[in-house]
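Asks: Here it is, the structure in full.
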């Protein structure tokens, strides 16, 4: 089972590689919708970042406001 910090790192890597504004420095504290505006693309990045966890995540996971909250949510899903 991955820790929240490990999950955060995986997500941050995915979002950094796929973010909309590649010319700006990556700020993991920015809202997810600012990093990747398109909800479907956010969901794709989340799912591809989490493939090794073999979790079925609902589509509304792409609506989480920040990477911190998303990582905490995914970590809690591991325990379910």
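Asks: Taking into account only those residues within the range 26-57 that are exposed (fewer than 12 other Cβ atoms within 10 Å of the Cβ) and modelled with pLDDT under 95, which is farthest from residue 5 (Cα to Cα)?
Replies: So the residue we want is 56.
Asks: When residue 61 is evaluated against the numbered criteria (1) within 12 Å of the chain's Cα centre (by Cα); (2) exposed (fewer than 15 other Cβ atoms within 10 Å of the Cβ); (3) closer than 21 Å to residue 2 by Cα, which criterion, by number, is the only one it fails?
Replies: (2)
Asks: Does residue 18 count as touching a helix residue (DSSP H, G or I) at 6+ places or on another chain (Cβ under 6 Å) and at pLDDT 95 or above?
Replies: Yes, satisfied.
The values are calculated or read from the model by the stated rules, or taken from the named source; none is laboratory data. Please read these numbers as outputs of a predicted model, since none were measured by experiment. Every residue, glycine as well, gets a Cβ built from its backbone with ideal geometry; the counts of neighbours run over all protein chains shown.
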